[in-house]
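The numbers here are math on the coordinates, done by the rules we state, and not lab data. Predicted model only: the values in this text are computed from it and were never measured. Glycine gets a Cβ as well: all are built from the backbone with ideal geometry, and neighbour counts include every protein chain shown.
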Amino acid sequence: MNADCSAQQNRAPGYPVLLQAHVTLAYLKRLPIDEIKIDRAFVQDMLTDPDDAALVETIISVAKHMRLNVVAEGVETQAQADFLHSLAPVARQGYLYGRPIAADAWIAHWRTLEVPNPIEHALSWNKQPQTK
């Protein structure tokens, strides 16, 4: 059974549903985290759903304050990329930039380039839309 369906079905009228965010948010403080990834579930509807937009903006704000990098996954349109860019420098992944490829194919591609640092290249390559 899906947790979303279960919570809605078992919700008693007049009783709020509580999410104890302190447990998850405590990891941001305790673990040596360098980066936060925004799930595609938020990215895909952030332009049409104010709640998703608020969550994306909040995640980016927390990351800024904690000096963490941000990666948004599931970016499929230029409008999504532009919205994220308007908020902060965010690394973006998704079909707008290319389909997933096998590691050996990516490495072969990278070796054809003169790039001193493969991680920097991966981040910059991810930000450049591919022409179709």
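Brief remarks follow.
- More than 13 angstrom apart: percent of Cα pairs within region 18-78: 65
- Remark: the Ala41-Val62 segment gains 5.7 nm on full extension, using 0.36 nm per residue and subtracting the alpha carbon distance.
- Across region 61-75, rounded Karplus estimates of 3J(HN,Hα) from the backbone phi angles (6.51 cos²θ - 1.76 cosθ + 1.60, θ = phi - 60°) give 4, 4, 4, 4, 5, 9, 6, 10, 6, 10, 10, 9, 9, x, 6 Hz, Gly and Pro being marked x.
- The slack in the chain from Tyr95 to Val71, taken as 0.36 nm per residue of separation less the alpha-carbon distance, amounts to 7.2 nm.
- Under a 5 Å amide H cut-off, with hydrogens placed 1.01 Å from N, Asn69 pairs with Glu35, Ile36 among residues at least 5 apart or on other chains.
- Neighbour-count order for Tyr15, Tyr97, fewest beta carbons within 10 angstrom listed first: Tyr15, Tyr97
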